[in-house]
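The values are calculated or read from the model by the stated rules, or taken from the named source; none is laboratory data. Small disclaimer: the values here were computed from a predicted structure and weren't measured. Cβ: placed from backbone, ideal geometry, glycine included. Neighbour counts: every protein chain shown. Accessible surface is based on the protein model in full, side chains and every heavy atom, while ligands, DNA and RNA are left aside. Shrake-Rupley method; radii C 1.70, N 1.55, O 1.52, S 1.80 Å.
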Amino acid sequence: MDHFLYRDGTLYAEDVPVADIAAAVGTPFYLYSTATLLRHYRLFEDALAGTEHLVCYAMKAASNQAILKTLAEAGAGMDVVSVGEYLRARAAGVPGGRIVFSGVGKTADEIRTALEGGIRQFNVESEPEMQVLSAVAESTGTSVPITIRVNPDVDAKTHAKISTGKSENKFGIPIARARDVYALAASLPGLEVIGIDVHIGSQLTDLAPFELAFQKVAELTEVLRADGHDIRRLDLGGGLGIPYTRSNEAPPLPLEFGALIKRTVGHLGCEIEIEPGRLIAGNAGIMVSRVIYVKSGEDRDFLILDGAMNDLIRPAMYEAYHDIVPVIEPEPGAEQSPYDIVGPVCESGDTFAKGRLMPKLSAGDLVAFRSAGAYGAVMSSEYNTRPLIPEVLVKDDQFAVIRARPTFDEIINRDTIPEWL
Ligand SMILES: *Cc1c(COP(=O)(O)O)cnc(C)c1O
């Protein structure tokens, strides 16, 4: 459920007409709903009620500081995968004690910054990283709490580019080697081994792979405890999928995910962390774009939008499907025709949808890409010297620009010309 609904024949974000925001901000832009963000965050809170837990929002999904602050004020922690994300979370007011640091390639500099600034734990992904982490912690005179990310060799049955829990993926250490790696970690002076971490992929639409992975984590917990490790925290990652179409997909609900966690690892008495990103932000954001031209091709019509693959890369990168709806609500039973919906970028990959049935649209009409809140704005670029599009946040009947569109001067002046030219 989200808060982008038609009212009086036009699309609203909470209590604000989307067309009003488009008039004020210009198109294209991202638009987020506070109520939807909070609703999704609270679904996870409710799902884990009765268990000691922290919901760490995977901020790579959508990392504007206004979004982070909204969630942090509701009690969320953050899962960060770079020092940039760490600093951004801190700038948004998230305490270090609520930030977990994930990622396969943390550098010594990144580690030092997070250690000095305060961190809840590092999720370590390799032995060499462990050595560096221990050395940096020792040099700052502290020892740092860690979990080790294990790769359970489970097929998440999602798109290959967002599957992370198979042995062929670069993530984590093979679960079969866990005992050796934990023994090494325990021997390193700068590390305090407190738990296990797992994250098997993104946009999972079935609980079965989670169940397999969590069962393996539960077994490993017992084995490691028998080896003398004080395993007291389990970070079970993110990855729960969202419906991108409103008709045929019904991914499991956070409540079912929470019940699965309690069933598989609840008996261990560990504190639970989860790292949902997409489910919190995905359906809490839309991308609003305007039709520039309707062009008749030989055998099809093209809707040419002012939004493009540099603004929302998911269709080009993952063959992702986004519902695209007109901002003016179509009359019931209105005639529909197929369009190829494309952006102005000079690549055929700049195609959002082929043969998509839409009501008749004309130049100047507004459309909204639904489910664009996660892995949308954060993956955008200035390819074709198209400015990064603004982000706007709605709360009830208010809206605010939370990232402004850069001017062309700002973009152009970022280049510097060497003195020999
Ligand atoms: C990307 C990522 C997540 C979030 O995944 P979603 O599918 O957005 O929930 C969580 N944890 C880690 C380590 C990640 O890399």
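Does region 392-407 contain at least one residue that is more than 16 Å from the ligand (Cβ to nearest atom) and among the small types (Gly, Ala, Ser)?
Yes, region 392-407 contains at least one residue that is more than 16 Å from the ligand (Cβ to nearest atom) and among the small types (Gly, Ala, Ser).
Give region 131-171 a look and list any residue that's within 15 Å of residue 211 (Cα to Cα), free of Cβ contacts under 8 Å to residues at least 60 places away in the same chain and open to solvent by less than 20 Å² (accessible area, probe 1.4 Å), or say none.
151, 165
Sort out which residues of region 67-104 are more than 23 Å from residue 233 (Cβ to Cβ) and either within 16 Å of the ligand (Cβ to nearest atom) or at pLDDT below 95 (or both), and write them in order of number.
67, 84, 88
Residues of region 336-359 being charged (D, E, K, R) and either modelled with pLDDT of 95 or more or touching a strand residue (DSSP E or B) at 6+ places or on another chain (Cβ under 6 Å) (or both), which ones?
340, 350, 354, 356
Please state which of the following conditions residue 145 fails to meet, knowing it meets all the rest: (1) within 16 Å of the ligand (Cβ to nearest atom); (2) touching a strand residue (DSSP E or B) at 6+ places or on another chain (Cβ under 6 Å).
Condition (1) is where residue 145 drops out.
Just wondering, is there one or more residues in region 14-26 that are free of Cβ contacts under 8 Å to residues at least 40 places away in the same chain and within 17 Å of the chain's Cα centre (by Cα)?
No, the conditions are met nowhere in region 14-26.
If residue 222 passes every condition in (1) within 16 Å of the ligand (Cβ to nearest atom); (2) under 27 Å from residue 51 (Cα atoms); (3) out of contact with any helix residue (DSSP H, G or I) (no Cβ under 6 Å at 6 or more places or on another chain); (4) not aromatic (Phe, Trp, Tyr) but one, which one does it miss?
(1)
Could you check how many residues of region 371-421 are touching a residue at least 40 places away in the same chain (Cβ under 8 Å) and more than 22 Å from residue 62 (Cβ to Cβ)?
Result for region 371-421: 2.
Starting from residues that are touching a residue at least 12 places away in the same chain (Cβ under 8 Å) and more than 21 Å from residue 135 (Cβ to Cβ), keep the ones in region 176-191 and report whichever is farthest from the ligand (Cβ to nearest atom).
179
Residue under question is residue 79, and the condition is that it be touching a Cys at 6+ places or on another chain (Cβ under 8 Å) and among the charged types (D, E, K, R); does it hold?
In short, yes.
Within the set of pairs 6 or more residues apart or between chains, which connect a residue that is closer than 22 Å to residue 146 by Cβ inside region 192-212 to a residue that is away from the ligand (no atom under 14 Å from the Cβ) and modelled with pLDDT under 95 with Cβ atoms less than 9 Å apart?
192/143; 198/154; 198/175; 200/154; 200/155; 200/166
If residue 301 satisfies all but one of (1) touching a Ser or Thr at 6+ places or on another chain (Cβ under 8 Å); (2) within 21 Å of residue 11 (Cα to Cα), what's the number of the condition it fails?
Condition (2) is where residue 301 drops out.
Might you check whether a residue that is more than 13 Å from the ligand (Cβ to nearest atom) and in contact with a Lys or Arg (Cβ under 8 Å, 6 or more places away or on another chain) occurs anywhere in region 247-258?
no
Quick check on region 225-239: of everything there that is touching a helix residue (DSSP H, G or I) at 6+ places or on another chain (Cβ under 8 Å) and open to solvent by 50 Å² or more (accessible area, probe 1.4 Å), which residue is farthest from the ligand (Cβ to nearest atom)?
228
If residue 260 satisfies every condition in (1) over 23 Å from residue 146 (Cα atoms); (2) under 19 Å from the mean Cα position of the chain (by Cα); (3) not β-branched (Val, Ile, Thr) but one, which is the exception?
That leaves (2) as the condition not met.
Identify the single condition in (1) free of Cβ contacts under 8 Å to residues at least 60 places away in the same chain; (2) open to solvent by less than 20 Å² (accessible area, probe 1.4 Å); (3) assigned to a strand (DSSP E or B) that residue 368 does not satisfy, given that it satisfies every other one.
Residue 368 satisfies every listed condition except (1).
Have a look at 8, 2, 46, 20 and point out the one that is open to solvent by 30 Å² or more (accessible area, probe 1.4 Å), closer than 28 Å to residue 343 by Cα and acidic (Asp, Glu).
It is 20.
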